[in-house]
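All remarks here apply to the structure that follows.
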Amino acid sequence: MKKIFVILMIAVVLVSCAPVPEATGQTNAVQTSVAVQFPEVLALALNGLLAGLLALAFVYLTEKTGLNLQQFATPAGFVIGGWIVTELQNYINTVPEMYDPWLNMLFRVLIVISIPVGILRLFYSGSSPKSLIPGR
């Protein structure tokens, strides 16, 4: 345990000592934009998908090991989903500013494709929307 702590502390020190490009005089960097945000609709869909996949994985682990870990599936899914969305936003922020319209168009296409898939899934699942509401 002490070795892991020492390694993490060394990593933190090395990362904090990394030079900042503005401070070193590197002015030829490509302009990036933070104007494009990862759509909330896609973030929610990603979180729901990960929560479902982790629930299936925990059911499998419960069957194999006998430990009931299903209560941790949803929180773990949303934590991992939030981390993935944050990482995707960090990657989006590194894209040059001139590609912002393309990113916006890509996200709109993903939203336009994902919404009808969810609606079709609802209609072809054989259940009514009222049965999906808890407490009914």
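The values are calculated or read from the model by the stated rules, or taken from the named source; none is laboratory data. Quick caveat, the model's predicted, so the values are computed rather than measured. Because the Cβ atoms are built from the backbone with ideal geometry, glycine has one as well, and the counts that use them run over all protein chains shown.
Summary of values
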quantity: Long-range neighbours under 8 Å by Cβ, at least six apart or interchain, first residue hydroxyl-bearing (Ser, Thr, Tyr) within the stretch 52-73, second surrounded by fewer than 12 Cβ atoms within 10 Å (Cβ to Cβ); calculated: 62/68
quantity: Residue within the stretch 87-94 that is acidic (Asp, Glu), over 17 Å from the mean Cα position of the chain (by Cα) and modelled with pLDDT of 80 or more present; calculated: no
quantity: Residue pairs meeting the criteria (Cβ under 7 Å; at least 6 apart or on separate chains; first closer than 17 Å to residue 40 by Cβ, in the stretch 109-122; second in a helix (DSSP H, G or I) and small (Gly, Ala, Ser)); calculated: 114/45
quantity: Residue count for the stretch 15-59, restricted to those that are in a helix (DSSP H, G or I), among the small types (Gly, Ala, Ser) and at pLDDT below 75; calculated: 1
quantity: Residue 12 being modelled with pLDDT under 75 and either aromatic (Phe, Trp, Tyr) or not in a helix (DSSP H, G or I) (or both); calculated: no
quantity: Restricting the stretch 63-74 to residues that are at pLDDT below 85 and in a helix (DSSP H, G or I), the residue that is surrounded by the fewest Cβ atoms within 10 Å (Cβ to Cβ); calculated: 71
quantity: Tally, over the stretch 87-105, of residues that are surrounded by 12 or more Cβ atoms within 10 Å (Cβ to Cβ) and either in a helix (DSSP H, G or I) or touching a Cys at 6+ places or on another chain (Cβ under 7 Å) (or both); calculated: 9
